[in-house]
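The values are calculated or read from the model by the stated rules, or taken from the named source; none is laboratory data. Just so we're clear, the structure is a prediction, and the values are computed from it rather than from any experiment. Positions of Cβ are generated from backbone atoms using ideal geometry, with glycine treated the same way; all protein chains shown enter the neighbour counts.
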Amino acid sequence: MKKVAIHYHNINIELEPMQPGDVIIFGLYMMHSSAPNRSDHPRINNDKRYQLVHEENDYRFSFHKDGSWLGNFYNKGASCKPMVKPSREWGLK
């Protein structure tokens, strides 16, 4: 599959086609998104993070001090919005 470049709402977007078994690695500031899984098959994600021990822990992505875990349920009830909206909010027109 070929990489696809599009221009959407004054933003240049590159779509990277992925196949089952592919791996993608990117940094903290990479704006990313994926389409909803509309198939009958589960989509598996494995999220690994590196953080220096002296940096403050972001408990959205780890166990809380009381041992509770939010995991993917952190976004429960959140609505989806097109990536163009946060890109404008972040000044990335």
*Return the residue satisfying two criteria in turn: it lies in segment 15-53 and is surrounded by 10 or more Cβ atoms within 10 Å (Cβ to Cβ) and hydrophobic (A, V, I, L, M, F, W, C), and of such residues it is nearest to the chain's Cα centre (by Cα).*
31
*Scan segment 16-29 for residues that are modelled with pLDDT under 80 and of a type in the set (A, V, I, L, M, F, W, C) and report the count.*
1
*Which residues, taken from segment 1-33, are more than 25 Å from residue 47 (Cβ to Cβ) and of a type outside the set (A, V, I, L, M, F, W, C)?*
2, 7, 8, 9, 10, 12
